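Working notes, structure below.
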Amino acid sequence: GAGVSQTPSNKVTEKGKYVELRCDPISGHTALYWYRQSLGQGPEFLIYFQGTGAADDSGLPNDRFFAVRPEGSVSTLKIQRTERGDSAVYLCASSLRGPPSHFGPGTRLTVL
Amino acid sequence: QQQVKQSPQSLIVQKGGIPIINCAYENTAFDYFPWYQQFPGKGPALLIAIRPDVSEKKEGRFTISFNKSAKQFSLHIMDSQPGDSATYFCAASSTRPSGNTGKLIFGQGTTLQVKP
């Protein structure tokens, strides 16, 4: 595809459940970023991958959050024991190098 | 010290007007300052960016002005059009020591409406 794609577009889950959010970056982009955006706020950094490795995961809020990028392309953000406070739009972005130039449309996560 | 403060929260201008959005930061280690445009239901898209070695950068109708001593930067949209109606975010990052500019600290956003 031409841009970053994210699936699902919407995810509703119950408190305590496990969720996985998927990001397909632009082909050939080695850098991949996860951010999350709460209503009315700017995006908040979660984690940055360069290739397969997490170069900076300092934004992950706690150990319930984990992300992988095993082949240096698709990435999955995993959230265990979801809490209502995890409700937000989770954004993925990619770039060849430098800053994220385009973000995906996001996955809207709602934890009931 | 990691915050980027953005104002105003919302802005309404007539077509052809020049909306100005302002941002301020505290962390002097920040050395990369991008602006993003976000339409409803979409992710942010990089609009324009500046580094502190220049005071102004123009790309089309968009201009960033940067004041290093005041730790402020602003976005000006010349000849604004209804299609510019969106939410605008400023951001900042430090590229030292790794050189990467992907860990961005975003402002709170400004919702711009350009009336026909």
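Mind sorting A:E14, A:E20, B:E59 by how few other Cβ atoms lie within 10 Å of their own Cβ, fewest first? The partial results should precede the final answer.
Details: A:E14 8, A:E20 15, B:E59 11.
Arranged by neighbour count, lowest to highest, A:E14, A:E20, B:E59 become A:E14, B:E59, A:E20.
How would B:D79, A:D86 line up from fewest to most surrounding beta-carbon atoms within 10 angstrom? Walk me through the numbers on the way to the answer.
On the way: B:D79 11, A:D86 19.
With the fewest neighbours first, B:D79, A:D86 line up as B:D79, A:D86.
What lysines does B:K42 reach when the alpha-carbon gap must be under 19 Å and sequence neighbours fewer than 8 apart in one chain are set aside?
Result set, ordered by chain and number: A:K11.
Can you list the lysines whose alpha carbon is less than 29 Å from that of B:K68, not counting same-chain residues fewer than 8 positions off?
B:K5, B:K57, B:K58, B:K103
When you look at the Cβ of every residue in A:88-97, what mean number of other chain Cβ atoms sits within 10 Å? Before the final figure, lay out the partial values.
Details: counts 0, 2, 0, 3, 1, 7, 1, 4, 0, 4.
Average per residue, whole number: 2.
Collect residues whose amide H, placed 1.01 Å from N in the peptide plane, falls under 5 Å from the amide H of B:A86; neighbours closer than 5 in sequence don't count.
Excluding prolines and chain starts, which carry no amide H, the hits are B:L112.
How would you rank A:K17, B:K103, going from fewest to most other Cβ atoms within 10 Å of each one's own Cβ?
Numbers: A:K17 13, B:K103 21.
Arranged by neighbour count, lowest to highest, A:K17, B:K103 become A:K17, B:K103.
More than 20 Å apart: what percent of Cα pairs in chain B qualify? If you can, show how the numbers build up before the last one.
Working: 2478 of 6670 pairs.
I get 37 percent for the Cα pairs in chain B exceeding 20 Å.
Report the Cα centroid-to-centroid distance between segment B:10-64 and segment A:52-112 in angstrom, as an integer.
Cα centres, segment B:10-64 to segment A:52-112: 25 Å.
Mind checking B:71-79 for the average number of partner chain beta-carbons within 10 Å of each residue's beta-carbon? Can you show the working numbers first?
Values: counts 0, 0, 0, 0, 0, 0, 0, 0, 0.
Taking the mean over all residues of the peptide, I get 0.
Taking each residue of B:43-51 in turn, how many C-beta atoms of other protein chains fall within 10 Å of its C-beta, and what is the average?
Working: counts 16, 11, 6, 8, 0, 0, 3, 0, 0.
Shielding by partners across B:43-51 averages 5.
How large is ³J(HN,Hα) for each residue in segment A:52-62, as worked out from phi by the Karplus curve 6.51 cos²θ - 1.76 cosθ + 1.60 (θ = phi - 60°), to whole Hz, x for Gly and Pro?
Ordered by residue, 3J(HN,Hα) equals 8, x, 7, 7, 7, 10, 5, x, 5, x, 6 Hz.
Give me the lysines in straight-line cross-link reach of A:K15: C-alpha distance below 22 Å, same-chain residues under 8 apart excluded.
Candidates past the 8-residue exclusion: A:K78.
Quick note: the coordinates plus some simple rules give every number you see, no bench work behind them. Remember, predicted model here, so these are calculated numbers, not experimental data. Using ideal geometry, Cβ is built from the backbone for each residue, glycine included, and neighbour counts are taken over all protein chains shown.
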